[in-house]
1. I'd like to check something: does region A:213-236 contain any residue that is out of contact with any His (no Cβ under 9 Å at 6 or more places or on another chain) and within 14 Å of another protein chain (Cβ to nearest Cβ)?
2. For region A:202-237, give me the residue count where each residue is within 28 Å of residue A:330 (Cα to Cα), outside any loop (DSSP other than H, G, I, E, B) and in contact (Cβ under 8 Å) with a residue 12 or more places away in the chain.
3. Scan region B:104-125 residue by residue and report those that are more than 10 Å from chain A (Cβ to nearest Cβ), in contact (Cβ under 8 Å) with a residue 40 or more places away in the chain and aliphatic (A, V, I, L, M).
4. Might you let me know whether region B:52-65 holds any residue that is at pLDDT 95 or above and within 9 Å of chain A (Cβ to nearest Cβ)?
5. Starting from region B:10-32, keep only residues that are loosely packed, with under 13 Cβ neighbours inside 10 Å, then list their pairs with residues that are of a type in the set (Asp, Glu) and not in a helix (DSSP H, G or I) whose Cβ atoms are within a distance under 7 Å, requiring at least 6 positions of separation or different chains.
6. Could you list, in sequence order, the residues of region A:155-200 that are surrounded by fewer than 23 Cβ atoms within 10 Å (Cβ to Cβ) and charged (D, E, K, R)?
7. Kindly provide the set of residues from region A:99-117 that are over 19 Å from the mean Cα position of the chain (by Cα) and touching a residue at least 40 places away in the same chain (Cβ under 8 Å), ordered by number.
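The values are calculated or read from the model by the stated rules, or taken from the named source; none is laboratory data. Treat the numbers as computed from the prediction; the structure is a model and nothing was measured. Counting neighbours? That spans all protein chains shown, and the Cβs are built from the backbone with ideal geometry, glycine included.
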Amino acid sequence: MTIKGKAYIIGAYEHPLRKAPDHSVAQLHAEVAKGAIEDAGLSRTDIDGFFCAADAPGANAWSLASHLNLEKLRHIDSTDMGGCSYLMHVAHAAQAIAAGKCNVALITLAGRPNSEGSSGTTVRVRGTNLPESPYEFPYSPVNLNLYAMSAKRHMHEFGTTSEQLAWIKVAASHHAQHNPHAMLRDLVTVEDVLASPVISDPLHRLDSCVVSDGGGAIIVARPEIAKSLNRPRVKLIGASETTKHQSGGKIDLTYTGAAWTGPRAFEEAGVTPADIQYASIYDSFTITVLLQLEDLGFCKKGEGGRFVMDGNLISGLGKLPFNTDGGGLCNNHPANRGGMTKIIEAVRQLRGEAHPKVQVPNCRLALATGIGGAIGHRHGAATVILERD
Amino acid sequence: MPTFNEDRKIVDPPLNPGDGAFFDAAAQGRLVLKTCRACGQAHHYPRTMCPFCWSTDVHWEDAKGQGEIYTFSVARRGPGAPYCIAYVTLDEGPTVMTNIVGTDLDTVRIGQRVQVVFRHSENGTAVPMFTPIAP
């Protein structure tokens, strides 16, 4: 049993706003749901599967199902694994479609952390009864220093440098300059990144993603429906998910769960990293990108620093165009969760609908991968491989 | 210019049932580890079931309180900054999240030998942290 070829992404929509103080979270979800179903050329009453994560009001599906007035749901999945939830949802939707549980699945993400003053330097309380909290909270583990500890260890073991990490931001900025919605549209240099304040050693302000409002949605459907629509078809051919954590105290921060999801997704898809023409790589921080590139097999472990240098991630210049919308590093990171926008830009590339300055010519094979949570203590990871028919 | 911060407010550990013994020991100046009688391995954070073999035959043992820094980061911005978060690999095996204190944070390095010290959270709970062992 495989999900290869069992489902297609037929609709995608990214909210244009990056600051939405007058929007409610439910309104943002509604606007992206409408955008995606209209992009697919279908309507509300076609939707019989609904997927959302903890960014949904109430951290559950029932409020939004009611708010959107989805009346024909046969399959519901509110899997939450932080920012990579939506990549998991794509795979789960394909599984549900393959099992005959639904035909047209809506996946939504939205939030307004920019308007609500969210910060990467304050502790995120993820629950009151977490067993690890007494042994972590007193030490102020925040997203920035959790990822910074991973970067520090990678530098120690492999000689990775801050200059190399900075190249990832530089590449993202090259793409963001063409995106009128991007929060940061100015080109930056390696020197700019290194001159920005160190927030948590060794990560600088410009090693970090933006904090933005907004959201996005996609529609996943069975092949017969995709083939009835007059659009370029984006087929799911491989997917995998996992979690990685502290393993009872046997900790290795030099790799992510993508080391497990990548090989499994490639095997299911029957392709190799060398075949991938475009990659959406989750970019909460520069180090997040570097680790996943290694873990997915785009280069060997420890060689990510050299791989990303000299514009190798810039579309039209390097070997692996990544995050051509500007990514979380420059474009947006709605609800502090970057998984949805990773899928959406991969869909644009495969449809040939990316900005002409960053469009990969004849893009037929793309990968989207993500991390939810924090590499420094525990995270989810998910990878999907998409092909244009 | 050296970087010190001994004034940072430490968040109280939000205890669940079963967590008291660890912090009671800390109040007595002891670092304790949950250790499994079935497979012999210590783990952290402490559980009522060994995460390696799922035996429930686990008990507290005193740790030496020494280890080496696996990784760290000095937070320069945000509440309480500057401070140093770290993972320390204890001589008994487990790698534990902690803070490095009582030293110039600019001199902290991976591989440095450290020993446990105790600081108090806002409600007076003793919390284990680590400080470099004088060479």
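1. Within region A:213-236, not a single residue is out of contact with any His (no Cβ under 9 Å at 6 or more places or on another chain) and within 14 Å of another protein chain (Cβ to nearest Cβ).
2. Number satisfying all stated conditions: 16.
3. B:114, B:116 - these are the residues of region B:104-125 that are more than 10 Å from chain A (Cβ to nearest Cβ), in contact (Cβ under 8 Å) with a residue 40 or more places away in the chain and aliphatic (A, V, I, L, M).
4. Taking every residue of region B:52-65 in turn, at least one turns out to be at pLDDT 95 or above and within 9 Å of chain A (Cβ to nearest Cβ).
5. That search, which allows pairs on different chains as well, returns nothing.
6. A:157, A:163, A:185, A:186, A:191, A:192
7. A:101, A:102, A:103, A:104, A:115
For (1) crowded, with 24+ Cβ neighbours inside 10 Å; (2) away from chain B (no Cβ under 14 Å); (3) among the basic types (Lys, Arg), each residue gets a yes or a no:
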residue	(1), (2), (3)
A:303	no, yes, no
A:321	yes, yes, no
A:326	yes, yes, no
A:341	yes, yes, no
A:370	yes, yes, no
A:388	no, yes, yes
